[in-house]
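Asks: Take a look at this one; I'll ask things after.
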Amino acid sequence: MIVVYILFWLSAGLVFFTHIGYPITLWLLDFIGLGGRAGEVRGRKLSEIPPAIDPDTEEEILPSVSLIIAAYNEETVIEAKVKNALELEYPRELLQVIVASDGSSDRTVEIAREAGADLVLDLPRGGKIAAQNAAAEAATGNLLAFSDANSTWEPGALAELIDPFRDERVGYVCGQVRFIGPDGGNLEGAYWRYELAMREAESRLASVTAGNGAIYATRREAYVEVDPVMGHDLSFPFNLVKRGWRALYAPDAKATERMVPSVDGEYARKRRMMSHAWPIVVNGGLARLRAYPPAYAGMVVSHRLLRYASPFLHLAVLAASLALVLRGARGL
């Protein structure tokens, strides 16, 4: 029965570590200073990296940004989204707003053009990633920012999102998305706040292990085309880290997104997310740990691989528990 005992304690220990032990480890490393402080990139404060200054005007030289919005049948929200993008606190001449319509059969394309988008791509149906790839190819900005059609950015979100790119090692930055209900009420739960706290700690220590689709950006030269089934949220951070870039979290770059107003809709969203996660683990290279710096490899194992393996670890705990209970019953 020694094997059963080992299975029980090993599985239970791994479940405990990925959900509780890993966050504690991150916060301890942050507390002793290995992760730096807010606004610091591995011992280098962004505030200490001087911005580029135009010698003639003595004004800061800002990068040009292409904001890409992939949309499929979004006629009910696309006008508001384009207007939200155009109202961001960023020089208009440096901002290109692109709407990439993924084979929309409604008035998404027409409305996006009327709303003032700089470029509207009327693409054949090929999926979100194909639309984003086409938009990235057509973009003129030095930085590529991405957003969902149903998310709303705060006025200063773009400036906050691109600020970490002053460090030449940074290739990817994601912002903070907040979830609201149909009535505008805050739907953020304790679990999401816990995830964001870990993301911030990971960012200070090394790089984030995942982002979100509502608000993120990459350097043009860092952009990679990924398998359409995998999506950008999970695949971009680790793929860019493999290529020598850092992937950071900018908590002050804030966006809000309305949640699906039904249990069935939310279940479908979660199922879609997991359908992307497992291909990334099995075929996408997430588990190729030797390609990462050691600290980041530990983060991938602790936060991603063990988390995705949790259902199987719970089943192992259950099976071992039943075996031990049956053995105890026979001994009575």
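Asks: Of all residues in region 173-206, how many are at pLDDT 85 or above and in a strand (DSSP E or B)?
Replies: 6
Asks: Still on this structure, please answer the following. Can you find, within region 1-54, the residue that is farthest from TYR191 (Cα to Cα) among those that are modelled with pLDDT under 60 and open to solvent by 80 Å² or more (accessible area, probe 1.4 Å)?
Replies: PRO50
Asks: Looking for whichever is over 25 Å from TRP278 (Cα atoms) and touching a residue at least 12 places away in the same chain (Cβ under 8 Å) here; the options are ALA222, ALA157, ALA214. Which one fits?
Replies: ALA157
Asks: Considering every residue within region 217-229, establish whether at least one is outside any helix (DSSP H, G or I), modelled with pLDDT of 90 or more and open to solvent by less than 10 Å² (accessible area, probe 1.4 Å).
Replies: Yes, because at least one residue in region 217-229 is outside any helix (DSSP H, G or I), modelled with pLDDT of 90 or more and open to solvent by less than 10 Å² (accessible area, probe 1.4 Å).
Asks: For region 178-185, check the following and say yes or no: at least one residue is surrounded by 20 or more Cβ atoms within 10 Å (Cβ to Cβ) and touching a residue at least 12 places away in the same chain (Cβ under 8 Å).
Replies: Scanning region 178-185 turns up no residue that is surrounded by 20 or more Cβ atoms within 10 Å (Cβ to Cβ) and touching a residue at least 12 places away in the same chain (Cβ under 8 Å).
Asks: While we're here: Within region 252-264, can one find any residue that is crowded, with 19+ Cβ neighbours inside 10 Å and over 26 Å from ILE78 (Cα atoms)?
Replies: Scanning region 252-264 turns up no residue that is crowded, with 19+ Cβ neighbours inside 10 Å and over 26 Å from ILE78 (Cα atoms).
The values are calculated or read from the model by the stated rules, or taken from the named source; none is laboratory data. Only a predicted model underlies this, so the values are computations on that prediction, with no experimental measurement involved. Using ideal geometry, Cβ is built from the backbone for each residue, glycine included, and neighbour counts are taken over all protein chains shown. Heavy atoms of the whole protein, side chains included, go into the accessibility calculation; ligands, DNA and RNA do not. Shrake-Rupley method; radii C 1.70, N 1.55, O 1.52, S 1.80 Å.
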